[in-house]
Each structure stands twice: as structure tokens, then as C-alpha cells.
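First the structure, in the form of C-alpha cells, and then the observations on it.
Coordinate-derived values only; no laboratory data. As the structure is a prediction and not an experimental result, all values here were calculated from the model.
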Amino acid sequence: MMRGVCNWAVAVRKPTAEQFSEGESGVGSSPVDPALGEIEVSTFPLDSAMRRHRILRLPIVRGVVALGGSMAIGFRALEISANAQFPPEELLRARESVGGEAVERERESDDDQDKLQEIPRGVWAGTVVVAVVFAIVLFFLIPVGLTSLIKGQLHSSVLFWVIEGLVRTAIFLGYMVLLSRVRDLRRVFEYHGAEHKTISCFEAGLPLTPTNAQRFSRLHPRCGTSFLLVVMIVAIFVFAPIGLPAWYWLVLTRILGVPLIAGISFELIKFAGRNRSRAWVRAIMWPGLKLQLLTTREPDLDQLAVAIAALDAVLERETPGALSAADLVGVEVVA
């Protein structure tokens, strides 16, 4: 998936009919060789709320808005990718399995077939809610809960928030390590690396070819993985002034503080991106870059071709020099 200033695009390697063997083409199956299918590109306009409302461009606030927009686009891209893997005859079963209305196949028109080729929006809405709740519980509520178990022995608010921050960061790093070892996510991380290499190739001014892109590092300073690490660190300082209130206030502040933490982290990442030529900024960004070793893998040329197709689709629709400073405020800082 690639995001520009006014447009975003997602490219998907579609499986061919031959890639699904009998008995293996059910929902959740994988084609034998995903690199054999053609590349399908979907492009969408990027309508940022920050362009319509000046107040949403304020520091901190714009970070929260940008994060919400990025999450929406990310889940939409995942939806497109998942839908592309469904063989047509299985789409009806998927709809029926989640309570969709049965449709007689002999009466289906071409338009009906197109409508069937998607996972119900309700499923994706539920996925978003579960993902957000899971993240808040895992990275904010569990750390404060565990630290609260020894709250009486600490006798210091400073020591409390330091230990809570260390517990939160340890949980985050452990979670990243576990994800990196999940075999089914390996191809996802390879495509993540392909995105980074393609962006770096474009920023270097070289022609966008798989061979050129392969030469670049799979690590990129504007990666969302780096942003998440910054969030973990910023949370330590945001919660520090709260002290040691009752447990219910601790829980409430951890939930309500998430938008503020996201907004501050956005501003820090944006500042680092503008000043990454400075040695001290590169030193601060170094841990985030190294963390990407867990969330990226070296892609092959076929995967780079998919990433290049997405970036080409965005570049074809962007008009360099035609945007005002207000338009540029909405540019995403994560790659």
C-alpha cells in the first residue's frame, strides 16, 4: 500500500484459477505460489479532514487525525487484499457463513458476482474494534495493572511510572518478537520490506524497477514500527505527572491518554523526518530503525514489482507543485 498527498493505492497479486487445488480453495486457504498471478491495483482519493477544518491542523490534534486516517486506510487495504484471495465460488459460502442472504447461483448476474467478491463490512468493523481494544488492554491497561500489584512497596510516583514504562516497553518488544516468528506473517513482512525499498528508490531519484529497488535497505525512518516505539516511550513521560491516584483513575487516564500520546508521537516523528540529516536525530531514531528488523523481511523481485505498481499508481495521479502548504499538512509521516 502506498499513500501520497491526494491519493492512495493498494496493489495485490491475485491468484490464478490453477493455483487453487481441489479441496484447498476454502476461506482462509493460500494459493500454491502467490507470485504467479497478475497484479491488480486499486486507487482511491485521499480526502483528509484536515483540509476542511483548520482546527484539525493544530499540533497534537493533527497527529490524532492522521493516525485515525492511517488506521482506516490500513484496514481498507487489508480488506482489499483479503477479498482478492477469495475464489468466486467460495465468496457465497463466506457470505452465508456470517449470516449473509443466500443467493441462487443460477440467477446471479455479473453485478451480483462483483458484489459477492468481498468480506462483509460488519466483519471488518468488528475487526477494527477488537484490534483497538486489544492494543489498549495489552499495552496500557496490563502494564499499569501489573505495576499496581507492587504499588504499595514502591512509595514513589517516579519509580511507579518508570517501572510501568519499562513493563509496557517490554510487553511491546516481546509482542513484536512473537509476531516476527509467526510463519504465516513472513510474506506480510516481506511486502513491508518491499514498500520501504520502493520508497527509498523513489526518494533516491532512480527509475522504479525491481532491480533498482532491491539495492536499498528494507529499513526506513518513517516506518510505522518506529512510530509505535516512540509511542511506548512518550507514554512514560505523559503519565508521569499523574502520580499515584486510585486504581480506577490509573485505568481511566491510560485510556484517555492514548490520543494525547499519539499526537505527541506524531509531532516527534515528523520533526525527526525533517531533521534526519543531523547526527543526534539519527542516533535517537536508531532504535526504531533496528526494531524494523522484526517487522520487515527481504522481499523478492516479484514482491517489489507489486510495491512499485502501487507507488506508480499514486504518482500517476499526483500533481507535483500544485498543492498549497495547507494541503501538505496532511502528508503522512509513516511509510
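For region 214-276, the Kirkwood hydrodynamic radius from C-alpha pairs, put into Stokes-Einstein at 20 °C and a viscosity of 1.002 mPa s, yields a diffusion coefficient of 161 µm² per second. What shape does region 170-212 take by its C-alpha gyration tensor, where a ≥ b ≥ c are the square roots of the eigenvalues and a/c under 1.5 counts as rounded, a/b above b/c as prolate, and the rest as oblate? Oblate, because a/c is 1.5 or more while a/b does not exceed b/c.
Strictly over 26 Å apart at the Cα level, which of LYS14/LYS197; LYS151/LYS290; LYS14/LYS290; LYS14/LYS270 would you flag in this model? Over 26 Å apart, Cα to Cα: LYS151/LYS290; LYS14/LYS290; LYS14/LYS270.
Specify the inter-centroid distance of region 34-72 and region 148-171, based on alpha-carbon positions, in whole Å. Here the two parts' Cα centres lie 36 Å apart.
Per residue, the convex hull spanned by the Cα atoms of region 113-262 amounts to 171 cubic angstrom.
Rounded to whole numbers, the Karplus 3J(HN,Hα) couplings from phi for region 177-186 are 4, 4, 4, 5, 9, 6, 4, 5, 8, 4 Hz, using 6.51 cos²θ - 1.76 cosθ + 1.60 with θ = phi - 60°, and x at Gly and Pro. Every Cα-Cα pair of region 256-296 was included, and the share exceeding 14 Å stands at 57 percent.
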